[in-house]
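A.B. asks: Quick one: this structure, given as structure tokens, is what I'll be asking you about.
The values are calculated or read from the model by the stated rules, or taken from the named source; none is laboratory data. Remember, predicted model here, so these are calculated numbers, not experimental data. Here the Cβ positions follow ideal geometry from the backbone for every residue, glycine too, while neighbour counts run over all protein chains shown.
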Amino acid sequence: MSVDLATVKRVARLSRLAVSDEEAARMEGELNTILGFVEQLDEVDVTGVEPMTSVTPMAMKKRVDQVTDGDKAADVVANAPASDEGFFLVPKVVE
Amino acid sequence: MSELTKLTIAEAREKLRAREVTSEELTNAYIDAIEAANPTLNAYVTVTSEKARDMARRSDARYAAGEAGALEGIPLGIKDLFATEGVHTQACSHILDHFEPRYESTVTQNLWDDGAVMLGKLNMDEFAMGSSNETSYYGPVTNPWRVEGSNRNLVPGGSSGGSAASVAAMLCAGATATDTGGSIRQPAAFTGTVGIKPTYGRCSRWGIVAFASSLDQAGPITRDVRDAAIMLKSMASSDPKDTTSTDREVPDYEAAIGRSVKGMKIGIPREYRVDGMPGEIDGLWQKGIDWLRDAGAEIVDISLPHTKYALPAYYIVAPAEASSNLARYDGVRYGLRHNGKDILDMYEKTRADGFGAEVKRRIMIGTYVLSAGYYDAYYLKAQKVRTLIKRDFETVFADGVDAILTPATPSAAFEIGDAEMAADPVKMYLNDIFTVTVNMAGLPGIAVPAGLSESGLPLGLQLIGRPFDEETLFATANVVEQAAGRFTPKRWW
């Protein structure tokens, strides 16, 4: 499988990355090189093989269902580029 | 260079305990060394001198009070991937500009709880994506090693290039690092240092900027095997804040140093003898085999048939997980923001400017392989191949193999700006060909210096162990170290 310029632009949109035409053209070549490299996997017979879901056999740990955290609004927004009274500020999204 | 900075962690610990030297003196010696070397080597992106001196004085007080911890007063460098409260934590990316977390990663907190001193934050490939430290927003790190008689600058490897270079150049007693596909072991091999990636789950990932969550593990880079054992003991823990962290007790790794390897079975995987492998790498591997045999180990030929598929499977799994993990950098909650005509435009402009070329490439690959219609063909297939890679290892371990010996890297360090690698991303990815299988299978792996190349550059061997059997790696790596000796660069910086 290989990608064309339109696919590169579609994937860039999905990735939320603005790309110029020049960048998209360069990426087309790079992505195809990488996809060509991973194509080797087609040689492997994976019939009946379970996909890996956990690299070490372990049961997911569960914590006690109680409030252990909170009241940190000031910490949460401390690094935000724009915030006001404990809220993140973003460009208008609803008309 | 001060004599103090030449001390290993174990040696410094002894002098501190005997009160022959104070942590403040040791810390000041490192700060002086960093100030002199960093303009040339670029290993640190932030030096926290005041914090370091303050921590050192408190360590000295604890020594005086007889309350010293396991790493009391030892000055360490911290990879920029670890969240350190109130201190530069940017994964060496532009998109995390000015980010100073309000919390501390579990691994670094464990180190401070044991009395260690923080010297500063270390340079790395952006978001740990790279094998040369050239993708850092803060510029490349220069390897303290040079080809004999040459003044050309070499890469220290990556992504933990700042960690490896600072340990080799004696700009810290030891450093934290992380390894997703080889990012501890490859730079350790390129700089003549020791680096261990422990078993997945041994160190908590809480507070470490995520790259590929099913592969990422923290570990130390140090001057020798004993120091790696000392540091890993402090870094490792069971952590309720990381659901993939193990509940096993942390063993006394240092006790494994000097343990006999007599009767151990060391596997030599035939698939690691790759086409075009330089003779000096093959020769080094043979030396390692001889050293372990001379120490009483039994050498057995083994097969890990799916080895060649580990790297291609990795370049599906890791970018897929990265594309998801890096979705959080959106210009809203932290770091860089570029305003746009609407929120989508703001996201796209912020991310386009904030991420470097390699990071964008991996986000694109990851998004593509996870996108509608391609998930089964790429991601699911790669996770199945991963099961087969792990099964290969399980089979040889079930046959009684205690550890596996391989080269750490396919070559010695290369030049900064290597044209072939810059032109072809896959060429750069091949640096991890011997290390990436270990991440795919979640196993522990250690890189230990084993000799010098014909041009006088360090080369390393890798030992791979059973899950949670880091102790066997320390025991076997110590045999290699005893036979090979230690390697330090001649100072030119």
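A.B. asks: When you scan region B:127-134, do you find a residue that is under 20 Å from B:Y30 (Cβ atoms) and not acidic (D, E), even just one?
C.D. replies: no
Listed here are the residues, each with its yes/no results for (1) out of contact with any His (no Cβ under 7 Å at 6 or more places or on another chain); (2) under 20 Å from B:D242 (Cβ atoms); (3) in a loop (DSSP other than H, G, I, E, B); (4) of a type in the set (F, W, Y).
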{"position": "B:G69", "(1), (2), (3), (4)": "yes, no, yes, no"}
{"position": "B:E72", "(1), (2), (3), (4)": "yes, no, yes, no"}
{"position": "B:Q90", "(1), (2), (3), (4)": "yes, no, yes, no"}
{"position": "B:I95", "(1), (2), (3), (4)": "yes, no, no, no"}
{"position": "B:R102", "(1), (2), (3), (4)": "yes, yes, yes, no"}
{"position": "B:N110", "(1), (2), (3), (4)": "yes, yes, no, no"}
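A.B. asks: Kindly indicate the residue of region B:344-366 that is facing chain A (nearest Cβ under 7 Å) and crowded, with 24+ Cβ neighbours inside 10 Å and also nearest to A:V11 (Cα to Cα) among those meeting that condition. Lay out the reasoning, then the answer.
C.D. replies: Kept after step one, since they are facing chain A (nearest Cβ under 7 Å), are these residues of region B:344-366: B:346-349, B:351-352, B:360-361, B:363-365.
Going one step further and asking which of them are crowded, with 24+ Cβ neighbours inside 10 Å, we end up with B:347, B:351, B:363-365.
Values: B:Y347: 15, B:R351: 14, B:I363: 9, B:M364: 6, B:I365: 9 Å.
The extreme case among them is B:M364.
A.B. asks: Taking into account only those residues within region A:3-25 that are under 21 Å from the mean Cα position of the chain (by Cα), in a helix (DSSP H, G or I) and not hydrophobic (A, V, I, L, M, F, W, C), which is farthest from B:F355 (Cα to Cα)?
C.D. replies: Once the filter is applied, the top-ranked residue is A:T7.
A.B. asks: Only one of (1) at negative phi; (2) among the small types (G, A, S); (3) modelled with pLDDT under 95 fails for B:G276. Which number is that?
C.D. replies: Here B:G276 meets the rest and fails (1).
A.B. asks: Suppose we filter B:P305, B:P319 for residues that are within 28 Å of the chain's Cα centre (by Cα) and surrounded by fewer than 24 Cβ atoms within 10 Å (Cβ to Cβ); which single one remains?
C.D. replies: B:P305
A.B. asks: Regarding B:M421, is this residue over 30 Å from A:S54 (Cα atoms) and crowded, with 19+ Cβ neighbours inside 10 Å? Please lay out each step first, then the result.
C.D. replies: Values: over 30 Å from A:S54 (Cα atoms): yes; crowded, with 19+ Cβ neighbours inside 10 Å: yes.
Spelling it out, B:M421 is indeed over 30 Å from A:S54 (Cα atoms) and crowded, with 19+ Cβ neighbours inside 10 Å.
A.B. asks: Among the listed residues B:I404, B:I416, identify the single one that is more than 11 Å from every other protein chain (Cβ to nearest Cβ), in contact (Cβ under 8 Å) with a residue 12 or more places away in the chain and crowded, with 21+ Cβ neighbours inside 10 Å.
C.D. replies: Values: B:I416 fails: crowded, with 21+ Cβ neighbours inside 10 Å.
Just a single option satisfies the conditions, and that option is B:I404.
A.B. asks: Tell me, which residue of region A:46-66 that is over 26 Å from B:A382 (Cβ atoms) and at pLDDT 85 or above is nearest to the other protein chains (Cβ to nearest Cβ)?
C.D. replies: Here the residue is A:V64.
A.B. asks: Pairs needed: first member in region B:369-390, at the interface with another protein chain (Cβ under 7 Å from one of its Cβ atoms); second member anywhere, assigned to a helix (DSSP H, G or I) and surrounded by fewer than 18 Cβ atoms within 10 Å (Cβ to Cβ); C-beta distance under 7 Å; at least 6 residues apart or different chains.
C.D. replies: B:S371/A:L14
A.B. asks: Can you find a residue that is in contact with a Lys or Arg (Cβ under 8 Å, 6 or more places away or on another chain), crowded, with 20+ Cβ neighbours inside 10 Å and not in a helix (DSSP H, G or I) anywhere in region B:24-40?
C.D. replies: no
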